[in-house]
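What follows is calculated from the coordinates using simple rules that are stated; it is not laboratory data. Owing to the predicted nature of the structure, the values given are computational and were not obtained by experimental measurement. Ideal geometry is used to build each Cβ from the backbone, glycine not excepted, and the neighbour counts take in all protein chains shown.
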Amino acid sequence: MIIVVVPVIILFAIILIKKIPYIGGNIQIALMLTGLAALLMGGMVNPISWIAAWINGIDRLAWIIGLAVFGSIYAETQVRLGTMETVINALRASFGRSPKGLIVCVIIALTIAGSLIGDATASSTVVGVLVISALAEMELSPEKIASTVVMGASLGSIMPPITQAVFLASTMANVDPDAVAKVAYFTVGLGVIICSVYAAYHYVKIKSLPEDLIPKEKARQILAKNWYTLVPLFVLLVLVVLRTGLKIDIATMLFGPFLSWLSGLTILKGISNLIVFNIIMATVVAFCFPSVHRNVGSLFSTAMKNVFPCVSVQLSAGLMLGAFYAAGQIEAVQNFAMGLNQHVLKIGGGFSLMAVGMLTGSQTTAQNTIFSFLAPALISAGVDPVKTAVAGAHLAMSGQGMPPACLTTFVVCGLVGGILAKKVDPLKTMLYNMPMCIYFMIVGFVFLYI
């Protein structure tokens, strides 16, 4: 196990000891140096073999990278089209005519946004600016406003059809992501109900809404006026429902030979993934609208700027993941896990996954650093691969939202503070978010044991 222990020590030392000159706290460098250390510990000293391992690692993550890139482009088209404004206004007109109803509408709208963007920080930024002032008029404290936005966006980021947390966990567990996504629809849906009830009864104190917050139009009037903004969203939902529910795959029917050819290309095969390709098809529909295609250069520039931090982590993780497979670390962990008490592996591994999420504020980092070898170990110990992936996604999300380093919370607190011109305490906000994090943790451990 020494070939595993040394690279992992290097990984955590660079991530956690921020006083290390030049590289302390840099996740990308930590992942890459860990990969190089793993290769050297495995006796691989030829730089050509390093490149081969890196390509193999990126190839394993190719569709996740494709999901991030094309998901970001799709999300930007929805911003330009005004999809979320329509969704929020329609929800408010239908259910948001009371204080509790309004806060539930906000959480549901953020969940929808997160499920279409796949990233909590991005969706909280896109939708947050639309709801923060309304929540302030309901006399919520700045921390409770930030907590509401973070909870909704975080729930959305793990909710299919676009969910990096679930899909990354599926990749690490080498299992069909659709099978994991079907479970996530239920677990996250239940989480939305729990968090909505929690926010409605713990945050809202006023009895009636201010007059200016009560919608003047009915939902059907809003939808009749802005129906076109929902067309790409409707196309994506139809494609996903037909493929996963009715087993009718429109993408394969229309582009089967092309997808088959593309699936044989290293790294580029990520685009052939049906989830990614469905997003691309919905994006093409979005580009038919003038508000989307009027300034294409700016749209792509913004989308790539938004997705660069995520993709840079995935590319760096590719070297570590490829190295772990090529140099024998994955095999060593699997063999070691066979001799462990299952409870030690499940509980220790689960809390380790959460701990990295807590310390880095990122479920992506937690999964790339811990779940890359924990998932094969759990499967070798007899845990069902689908349940392994469900558990990994939820435990990583649980850790991401807990104190002290939730990145989404820091971003949202800055956004709320800027709009309201008030100081917002990020740590207090994270504590308000704990019911959601505890729920994710419970779901994760339940699926490790059922």
Alpha-carbon centroid distance for the pair segment 377-450 / segment 17-52, whole angstrom | 28 Å
At a Förster distance of 25 Å, what's the computed FRET efficiency of His343 paired with Val6, Cβ-Cβ distance as r, to 0.05?
-> 0.40
Over the chain, what number does the Rg to Rh ratio reach, with both radii from the alpha-carbon atoms and Rh per Kirkwood?
-> 0.98
At 7 Å along the Cα-to-beta-carbon direction for both Tyr228 and Leu262, put a label point, then send me their distance in nm to one decimal.
-> 2.8 nm
Which shape class applies to segment 62-301: rounded if a/c is under 1.5, otherwise prolate when a/b exceeds b/c and oblate if not, where a ≥ b ≥ c are the square roots of the Cα gyration tensor eigenvalues?
-> prolate
Expressed as an acute angle from 0 to 90° and rounded to the nearest 10, what is the orientation of the C-alpha long axis of helix 99-117 relative to the principal long axis of the chain?
-> 40 degrees
Could you tell me which of the pairs Lys100/Lys428; Lys305/Lys423; Lys100/Lys144 are separated by over 20 angstrom between their Cα atoms in the structure shown?
-> Lys100/Lys428; Lys305/Lys423
Could you give the size of the charge dipole of the chain about its Cα centre, using +1 on the Cβ of each K and R and -1 on the Cβ of each D and E, expressed in debye and rounded to the nearest 20?
-> 700 debye
What whole-number value in cubic angstrom gives the convex hull volume per residue for the C-alpha atoms of segment 1-141?
-> 179 Å³
Rounded to the nearest 10 degrees, the helix 296-326 long axis (Cα) sits at an angle to the longest Cα principal axis of the chain of 30 degrees
For segment 62-301, what is the charge dipole size about the Cα centre, in debye to the nearest 20, if Lys and Arg each add +1 at the Cβ and Asp and Glu each add -1 at the Cβ?
-> 440 debye
Run the quick spin-label model on Lys422 and Leu246: label points 7 Å from Cα toward the beta carbon, then report their separation in nm to one decimal.
-> 4.8 nm
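Classify segment 1-45: rounded, prolate or oblate, from the alpha-carbon gyration tensor (a ≥ b ≥ c, eigenvalue square roots; a/c under 1.5 rounded; otherwise prolate if a/b is larger than b/c)?
Judged from the Cα gyration tensor, segment 1-45 comes out prolate (a/c at least 1.5, a/b above b/c).
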Restricting to lysines and to Cα separations under 23 Å from Lys225, and discarding same-chain partners fewer than 8 apart, the set is Lys216
Once the Cα atoms of helix 164-173 and of the chain are each reduced to a long axis, what angle between those two axes, in degrees from 0 to 90 to the nearest 10, is obtained?
-> 20 degrees
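Using DSSP loop states and a limit of at most 16 other Cβ atoms within 10 Å to flag GluC sites (Glu not before Pro), what is the longest stretch of the chain containing no flagged site?
On the way: sites that count: Glu139, Glu217.
With GluC sites (Glu not before Pro) excluded where exposed in loops, the chain gives 218-450 as its longest stretch.
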Report the extension gain between Ser133 and Ser94 in nm, rounded to one decimal, defined as 0.36 nm multiplied by the number of residues separating them, less their alpha carbon distance.
-> 12.1 nm
